[in-house]
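This report concerns only the one structure given below.
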Amino acid sequence: MNSNMQLLSFFISFIFGIVFCLITILNFKLIKDLKRYVQHLLTFIYVIDMVIIYIILLYHLNKGYFHIYFIAMVFLGFFCGFIIYKKLLSKINVNTLFKN
(Lines give C-alpha, C1' and ligand atoms only; values in the text may rest on other atoms or scores of the structure.)
Protein backbone atom coordinates (compact mmCIF):
# COMPACT_ATOMS: atom_id res chain seq x y z
CA MET A 1 0.00 0.00 0.00
CA ASN A 2 1.44 3.35 -0.98
CA SER A 3 1.64 6.38 1.26
CA ASN A 4 -1.28 8.19 -0.38
CA MET A 5 -3.56 5.26 0.29
CA GLN A 6 -2.39 5.10 3.91
CA LEU A 7 -3.05 8.80 4.44
CA LEU A 8 -6.50 8.44 2.91
CA SER A 9 -7.16 5.44 5.16
CA PHE A 10 -6.02 7.46 8.18
CA PHE A 11 -8.33 10.31 7.24
CA ILE A 12 -11.33 8.05 6.57
CA SER A 13 -10.71 6.20 9.86
CA PHE A 14 -10.56 9.49 11.75
CA ILE A 15 -13.78 10.77 10.16
CA PHE A 16 -15.43 7.39 10.82
CA GLY A 17 -14.47 7.74 14.49
CA ILE A 18 -16.11 11.16 14.72
CA VAL A 19 -19.28 9.93 12.99
CA PHE A 20 -19.28 6.80 15.15
CA CYS A 21 -19.14 8.93 18.30
CA LEU A 22 -21.95 11.26 17.27
CA ILE A 23 -24.20 8.40 16.15
CA THR A 24 -23.43 6.53 19.37
CA ILE A 25 -24.57 9.51 21.42
CA LEU A 26 -27.73 9.67 19.33
CA ASN A 27 -28.26 5.93 19.82
CA PHE A 28 -27.98 6.27 23.60
CA LYS A 29 -30.47 9.15 23.60
CA LEU A 30 -32.95 7.17 21.51
CA ILE A 31 -32.86 4.02 23.64
CA LYS A 32 -32.57 5.53 27.11
CA ASP A 33 -36.24 4.90 27.98
CA LEU A 34 -36.21 1.22 27.03
CA LYS A 35 -35.68 -1.70 29.38
CA ARG A 36 -32.10 -2.46 30.34
CA TYR A 37 -31.78 -5.75 28.45
CA VAL A 38 -33.27 -4.19 25.30
CA GLN A 39 -30.74 -1.36 25.58
CA HIS A 40 -27.89 -3.85 25.77
CA LEU A 41 -29.22 -5.87 22.86
CA LEU A 42 -29.70 -2.81 20.64
CA THR A 43 -26.28 -1.45 21.56
CA PHE A 44 -24.67 -4.79 20.75
CA ILE A 45 -26.40 -4.90 17.36
CA TYR A 46 -25.43 -1.28 16.71
CA VAL A 47 -21.75 -1.91 17.46
CA ILE A 48 -21.68 -5.03 15.28
CA ASP A 49 -23.26 -3.07 12.43
CA MET A 50 -20.73 -0.25 12.76
CA VAL A 51 -17.83 -2.72 12.75
CA ILE A 52 -19.17 -4.36 9.61
CA ILE A 53 -19.61 -0.96 7.95
CA TYR A 54 -16.01 -0.04 8.85
CA ILE A 55 -14.64 -3.32 7.48
CA ILE A 56 -16.59 -2.88 4.23
CA LEU A 57 -15.40 0.72 3.98
CA LEU A 58 -11.76 -0.31 4.38
CA TYR A 59 -12.21 -3.17 1.96
CA HIS A 60 -13.48 -0.83 -0.75
CA LEU A 61 -10.97 1.87 0.09
CA ASN A 62 -7.71 -0.06 0.17
CA LYS A 63 -8.53 -3.62 -0.92
CA GLY A 64 -8.85 -4.92 2.63
CA TYR A 65 -5.46 -3.95 4.02
CA PHE A 66 -5.97 -3.53 7.71
CA HIS A 67 -3.44 -2.14 10.17
CA ILE A 68 -3.82 -1.66 13.89
CA TYR A 69 -3.06 2.05 13.62
CA PHE A 70 -6.26 2.51 11.61
CA ILE A 71 -8.12 1.43 14.76
CA ALA A 72 -6.04 3.94 16.71
CA MET A 73 -7.27 6.64 14.35
CA VAL A 74 -10.88 5.52 14.90
CA PHE A 75 -10.34 5.83 18.68
CA LEU A 76 -8.73 9.25 18.21
CA GLY A 77 -11.63 10.33 16.00
CA PHE A 78 -14.11 9.01 18.58
CA PHE A 79 -12.38 11.04 21.29
CA CYS A 80 -12.36 14.17 19.09
CA GLY A 81 -16.02 13.59 18.24
CA PHE A 82 -16.81 13.45 21.94
CA ILE A 83 -14.97 16.75 22.46
CA ILE A 84 -16.84 18.28 19.52
CA TYR A 85 -20.12 17.13 21.02
CA LYS A 86 -19.31 18.49 24.48
CA LYS A 87 -17.95 21.84 23.26
CA LEU A 88 -20.26 22.65 20.36
CA LEU A 89 -23.31 20.49 19.82
CA SER A 90 -24.42 20.12 23.42
CA LYS A 91 -24.66 23.91 23.73
CA ILE A 92 -27.21 24.24 20.90
CA ASN A 93 -30.77 24.67 22.16
CA VAL A 94 -33.00 23.20 19.48
CA ASN A 95 -36.19 24.64 20.98
CA THR A 96 -35.04 28.22 20.31
CA LEU A 97 -34.42 27.38 16.67
CA PHE A 98 -38.01 26.32 16.08
CA LYS A 99 -39.92 29.04 17.94
CA ASN A 100 -42.45 30.96 15.86
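Before moving on, here are some points about what is shown:
- Residue-normalised convex hull volume from the C-alpha trace of the stretch 1-93: 100 Å³ per residue.
- Gain on full extension, evaluated as 0.36 nm per residue between residue 2 and residue 56 minus their Cα-Cα distance, stands at 17.5 nm.
- Sorted largest first by accessible area at a 1.4 angstrom probe radius, with every protein chain in place, the residues 43, 96 fall in the order 96, 43.
- In percent, rounded to a whole number, the relative contact order of the chain is 52, using alpha-carbon pairs under 8 Å and six or more apart.
- Accessible-area composition of the chain, carbon plus sulfur, in percent [1.4 Å probe]: 73
- Each helix, a run of at least 4 DSSP H residues, gives -39500 (n - 2.57); summed and divided by the residues of the chain, these come to -27000 deg cm²/dmol at 222 nm.
- Rounded accessible area per residue of the chain, 1.4 Å, Å²: 76
- The modelled label-to-label distance between residue 66 and residue 48, using points 7 Å beyond Cα along the C-beta direction, is 1.6 nm.
The values are calculated or read from the model by the stated rules, or taken from the named source; none is laboratory data. Only a predicted model underlies this, so the values are computations on that prediction, with no experimental measurement involved. Glycine also receives a Cβ, built like all others from the backbone with ideal geometry; neighbour counts cover every protein chain displayed. When the accessible area is computed, the model is the full protein with side chains, heavy atoms only, and any ligands, DNA or RNA have been set aside. Shrake-Rupley method; radii C 1.70, N 1.55, O 1.52, S 1.80 Å.
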